[in-house]
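Bear in mind that the values in this text are calculations on the coordinates, not laboratory data. Bear in mind that the values here come from a model prediction, so they are computed numbers and not experimental data. Cβ atoms come from the backbone with ideal geometry, glycine included; neighbour counts cover every protein chain shown.
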Amino acid sequence: MHRLAQPLLIVLLALFALLPACSQEPPAAHSDIDWLPAEALDTLARIERGGPFPYAKDGTIFFNREKRLPAKPRGYYREYTVPTPGERSRGARRIVAGGNPPDVYYYTADHYRSFRRIPEAR
């Protein structure tokens with residue numbers, strides 16, 4: 001191996017580890033929810049209690065038009081706002097819950113461009 005190849009490989013691997021998660025599923029070894037912002041935990045608790053919700057659109061059907069979540073019948077997914085501190089509007093953060101009652105949850109910080117599944121153990 002070239003004498004510069006090994007240090008370069010180490011740097012690339014370190015940078016790769018810093019990339020944000022863009023997949024639907026969390027890494028296999030990641031079973032907790034520490035990566036969620038505190039506001040998302042509050043929103044999850046509201047969903048599990050059945051409300052009350054601060055935004056009129058909370059609980060409305062999420063149509064999955066971009067097909068970034070597994071295909072399900074219309075009405076399976078519902079969206080909920082995750083407030084962003086300092087943001088005047090609803091912001092870009094959401095939790096999408098699937099099922100009635102919900103049996104799967106996804107978090108998006110970029111208004112549905114990417115999702116990360118929230119583990120079941122809460």
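If the condition is being part of a strand (DSSP E or B) and of a type outside the set (A, V, I, L, M, F, W, C), then segment 69-99 contributes 77, 78, 79, 80, 81, 94, 98, 99. Remark: pairs (first residue in segment 97-122, farther than 16 Å from residue 38 by Cα; second residue part of a strand (DSSP E or B) and of a type in the set (D, E, K, R); Cβ separation under 6 Å; 6+ apart in sequence or on different chains) = 97/78.
Scanning segment 62-83 for residues that are in contact with an Asp or Glu (Cβ under 8 Å, 6 or more places away or on another chain) and under 14 Å from residue 105 (Cα atoms), which turns out surrounded by the fewest Cβ atoms within 10 Å (Cβ to Cβ)? Break it down stepwise before answering.
Keep residues of segment 62-83 that are in contact with an Asp or Glu (Cβ under 8 Å, 6 or more places away or on another chain), which gives 62, 79-83.
Right, trim to under 14 Å from residue 105 (Cα atoms) and you get 62, 79-82.
Numbers: 62: 22, 79: 20, 80: 25, 81: 22, 82: 22.
Step by step, filter segment 62-83, then rank; the result is 79.
Screening residue 86 on (1) surrounded by 11 or more Cβ atoms within 10 Å (Cβ to Cβ); (2) within 16 Å of residue 37 (Cβ to Cβ) shows it passes everything except condition (1). Assessment of segment 66-76 against the conditions (among the acidic types (Asp, Glu) and either without any contact (Cβ under 8 Å) to a residue 40 or more places away in the chain or within 19 Å of residue 38 (Cα to Cα) (or both)) yields no matching residue. Just to be sure I understand, how many residues within segment 32-57 are out of contact with any helix residue (DSSP H, G or I) (no Cβ under 8 Å at 6 or more places or on another chain), in a loop (DSSP other than H, G, I, E, B) and free of Cβ contacts under 8 Å to residues at least 24 places away in the same chain? Count: 4.
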